[in-house]
Amino acid sequence: VRKKFRCVIRFVAVIPWRVEYFRSPDGVYRVKFTLEDPTARIHAYSYAEDGEKFFNGLSTGGLKRKLNELLGVPKSDDDGQEEIEGGARNPPWVQCCLKSHSIKRRRWIFDTKLVG
């Protein structure tokens with residue numbers, strides 16, 4: 001049985017951590033995120049066509065910037081482009097859609113788009 005949810009969450013981790021490795025050798029998105037809300041942390045995947053929609057055709061540079069923003073990576077005050085090593089993170093709360101399969105206990109991000 002599949003269930004669908006619209007959630008307000010924060011992105012707190014991603015695997016793989018380098019956007020260059022978000023796609024398999026044959027070009028399919030396969031990314032695992034750790035998400036949190038006030039009640040729990042879960043893992044959710046962005047995979048294949050849902051990944052295409054989620055990442056919205058962003059370039060590698062655009063994807064890095066957006067991912068750092070989603071993960072709440074602090075930036076320097078100068079131009080806002082340079083990351084601060086060891087700075088406290090504060091991921092923003094965002095809305096996304098999740099679907100889950102109760103038997104497999106896996107969740108996927110779907111019908112959600114990163115806006116660059």
Check: Roughly what would the spin-label model give for V73 and R18, points 7 Å off Cα along C-beta, in nm?
Finding: 1.3 nm
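For the pairs K32/K64; K64/K113; K64/K104; K4/K53; K75/K99, note any where the Cα-Cα span goes beyond 21 Å. Intermediate values should be presented prior to the final figure.
Working: K32/K64 15 Å; K64/K113 15 Å; K64/K104 30 Å; K4/K53 17 Å; K75/K99 33 Å.
Exceeds cut-off: K64/K104; K75/K99.
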Item checked: A88/E36 FRET efficiency (R0 22 Å; Cβ-Cβ; nearest 0.05) -> 0.90
Check: Once Lys and Arg get +1 and Asp and Glu get -1 on their Cβ, which of F110, F22, N90 lies farthest toward the positive end of the dipole of region 2-110?
Finding: F110
Next item on the list: Under 1.5 on a/c is rounded, so check that first for the chain, then, if it is not, pick prolate when a/b is larger than b/c and oblate when it is not; a ≥ b ≥ c are the square roots of the alpha carbon gyration tensor eigenvalues.
Entry: oblate
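Quick one: putting +1 on the C-beta of Lys and Arg, -1 on the C-beta of Asp and Glu, what dipole do you get for region 2-110 around its Cα centre, in Debye to the nearest 20? If you can, show how the numbers build up before the last one.
Working: 21 positive and 14 negative charges, 211 e Å.
In total the dipole reaches around 1020 debye.
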Margin query: On a full-extension model of 0.36 nm per residue, what is the gain between N56 and C97, subtracting their alpha-carbon distance, rounded to one decimal in nm?
Written below: 13.2 nm
Item checked: Computed [θ] at 222 nm, helices only, for the chain once each DSSP H run of length n ≥ 4 contributes -39500 (n - 2.57) -> -5000 deg cm²/dmol
Item checked: Helix 60-71 axis, angle to the chain major axis (alpha carbon atoms, nearest 10°) -> 80 degrees
Margin query: Given contacts defined as C-alpha pairs under 8 Å and at least six residues apart, what's the relative contact order of region 2-110, whole-number percent?
Written below: 34 percent
Notebook entry, point to check: Using modelled amide H (1.01 Å from N, peptide plane; none on Pro or chain starts), what sits under 5 Å from the amide H of R107, excluding residues fewer than 5 places away?
Noted result: Y45
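Laboratory data are not the source of any read-out in this text; all were calculated from the coordinates shown. All values derive from a computational prediction rather than experimental measurement. A quick note on method: Cβ atoms are made from the backbone with ideal geometry, for glycine too, and the neighbour counts reach across all protein chains shown.
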